[in-house]
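Below is one structure, written out as structure tokens, with a few remarks after it.
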Amino acid sequence: MNTRKSKKGFTIVELVIVIAVIAILAAVLIPTFANLIRQANKSSDTQLVKNMNTILSAAEALNGKNETMADALQDILDAGYSVEKLTPTTEKCHIVWNQKTDRMIFLDENFEVEYPKDEKIDDTNDIWMVVGDKAALDAYQANYSIYLTEDFKEETVKVAHGLDVGSCKTIKTVECVNESYAGTILINMAGGNLTVNAPKATVNHYGDAALVEIEAVANASYHENGNVDEIRLKAGRVVVESKGNVAGVRIVADAISDGENGKKNVSVEVAAGGKLGAVGATNGTVAADLKNIVSGSTDVIESPVEVTNDFAGGFGTENSPYLIATAEQFANIAKLSEEMGAGKAKYFKQVADIAINGSIPAFTGTYDGGNYKLMYDYSGKFGVVFTEINGYSVFKNINLVMGKVGVSLLSIADWGTSYGATFDHITFESTEDLVKVNTNNFGFVMINAIYTGGEGAPVYTFSNITNNVNLQNDGTCTGLIVGSGPCFNVKTVLNYENCVNNGTITGTSSVGFLYGNSAYIASVAESESVINVKDCKNKGLFTALNDSANVAFAPKLADLNDKYQGTAGGTFLSENYLSNKNCTVNQNGTVFSINTADTNVSYKLVFNVSAIYSKKDGKAWTDADTVVAKDKEKWDTIWNVSNGTKYPIDLSVDIDATGELSGSFKAYDKKTAAANGISATNFTDGYALVVKDGVTYLVFDVTEDVYIDCAVKLSVYAYDANGNLKGIKGIK
């Protein structure tokens, strides 16, 4: 017989007792465990701070106390600690830097010192809080100095005490405003603008800034220990310290001293080793008395200098160049063209990436691109940044970025005038895989000839030039550096050093590294020039698409090619898709077509106008002027000339077409055309086609200062499906 024993469970009373016991244990043990965890975290944070302070102590023994928190963290990082965010494991506690002692401090949740116990906080301005967002900034900036992490994404920061931008990359504007604090405020920046309004405080600035505007500082002053493009001083004392480098100080105060006790409102000092480019003032009385308030500066401008929106700062001098931060400011360079056109040098420095939409006319002086991007997305046949120089000029540290159309840095159109120029650290980039132009004598640094006459022996220096652009030029003669090299008897010195080509350079006839067009000479001796080449490398390809093309390091100058082409490296070759291809161009009135069996490419008929003259003075030409245009000994006295300008039209393939080409082709401006009985009214792309008496005329709708009366040559250009030029065939 089986006996079944019944199992007895908890009664309700027993269950209640168990739950009560668990609750009591939890109430006792959980805080205990939490406290144990917190104490363990505090111990860990304390040890971290202790280790960091050991590192800082050792660094101080070698180099002295750090001036900024960024410097302190760098010492710690160099020792193997990556602690920039300085987030303690203990909740609601903080790890901060004490500027006064150059030591890290562990603060508890009440902002009391947890470690080191002997560390005292006399002034919270000396305590640097680590901040990664705007909420934390707003919570701490009124009492503490601020160190920003890379997590901080704001562009504008307003603080009452110190600021170190740390590894934050977004800051553009800093405002330091504190009307009551009488201590020393430290600002460490990595670019952007700073405004200071702290009438009782001393401000120490480190790092870099474009513009510093000082509304007020104490008599103890503003001390510059970094690099600043311009300081604008309304009230207070500016000291450029031994490590400071300031391009210019612009005093915007209405008076040097107050009217009651003669106390100075403003003053500027330069400590031993400090660098200050220039000092100027907006008020005439202040400007006239600058020498009494400036000590240590080598360039004092004693006439009033206005603060305008033309530039971001600067005085246009060598030591204090005009600052360019926007496309509008770049365009404002043209406002000074009259002075520069007369040969007066001006100085400019780019301080930001900018995208321009036009070129600068007459230029003399220095343009320093500051290694920022100068972007020019031109939409015509070719673009130019500077269209002329009127005195020795320097272009340096420029990163020229173009779009689909090629852009040259400088055009030299006034043949017969020589000034010389230096081009240093210029890089050419593009947003496109292939860049196109249609012009003669194209070069990335310079279009047209370097020099064809004049007095003296000008020096042109091209150093540290790098091309990363793939170029296709439908015009005649293409050079990497210069469109046209030295002409005969010009006595020019050309220095090429550390120039590098990384692109594919494609032209129609003469294509070269140093230049595209040898300018009517077959040896260096014929030009009586000196050409120096050092460490120039071709890591890409130079090619031409014409059977008679000349492709070389220095086209037609065997003495240079024998010496340098082999060491330059890369490839120089000529290959023409249309070589030995049969094709016929038919003409019926003003309609043209091509008769060919090859439809793998598309075709254009190109009219090559041999000469277009334009008056140098911009005035309408007269019959007497046209006589000079025909005189090769005198034409350049009043004319600028563009040789071999090309005008393409599409050709359709028609194997059944008939009709022969006109016996000859000529080009006229509309005034000359009318004088020769040729009437034209319908213009497309600036010209009209007119057929009369077996002659086809290209009549150009141009201004009255342009004169055209010349022959026209015809060629067929072949293009692949991507629009890349593949070959050229002359037909007339």
Here the residues within segment 124-138 that are surrounded by 15 or more Cβ atoms within 10 Å (Cβ to Cβ) and either within 15 Å of Lys100 (Cβ to Cβ) or touching a residue at least 12 places away in the same chain (Cβ under 8 Å) (or both) are Thr124, Asn125, Asp126, Ile127, Trp128, Met129, Val130, Val131, Gly132, Leu137
Inside segment 77-101, the number of residues satisfying the requirement of being surrounded by fewer than 21 Cβ atoms within 10 Å (Cβ to Cβ) and either in a helix (DSSP H, G or I) or under 39 Å from the mean Cα position of the chain (by Cα) (or both) is 10
Tell me yes or no: at least one residue of segment 197-210 is within 27 Å of the chain's Cα centre (by Cα), outside any loop (DSSP other than H, G, I, E, B), under 12 Å from Ala70 (Cβ atoms) and of a type outside the set (Gly, Ala, Ser). yes
| query | Condition test on Asp299, is it under 18 Å from Glu213 (Cβ atoms) and surrounded by fewer than 22 Cβ atoms within 10 Å (Cβ to Cβ)? | reply | no
Among strands (runs of 3 or more DSSP E) entirely within segment 630-732, at least 1 residues that are within 30 Å of Thr543 (Cα to Cα) and modelled with pLDDT of 85 or more occur in 639-653, 664-669, 709-719, 725-730
By my count, strands (runs of 3 or more DSSP E) wholly in segment 571-627 with at least 1 residues that are at pLDDT 90 or above and assigned by TED's automatic domain parsing to the domain that holds Ala721 are 584-588, 591-595, 602-615
Of (1) of a type in the set (A, V, I, L, M, F, W, C); (2) within 27 Å of the chain's Cα centre (by Cα); (3) in a strand (DSSP E or B), Ile171 fails just (3)
Apart from one, (1) buried (at least 21 other Cβ atoms within 10 Å of the Cβ); (2) touching a Pro at 6+ places or on another chain (Cβ under 6 Å) all hold for Ala287; the odd one out is (1)
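Being within 35 Å of the chain's Cα centre (by Cα) and modelled with pLDDT of 85 or more is the filter here, so list the residues in segment 285-300 that pass it. Give the derivation first.
Narrowing segment 285-300 to residues within 35 Å of the chain's Cα centre (by Cα): 287, 290, 294-300.
Hits for segment 285-300 are Ala287, Leu290, Val294.
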From the option list Asn517, Asn538, Asn546, single residue qualifying as closer than 20 Å to Val469 by Cβ and at pLDDT below 85 is Asn517
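The values are calculated or read from the model by the stated rules, or taken from the named source; none is laboratory data. Note that the coordinates shown come from a computational prediction; the quantities given were computed from them, not determined experimentally. Note that each Cβ is placed from the backbone with ideal geometry, even for glycine, and that neighbours are counted across all protein chains shown.
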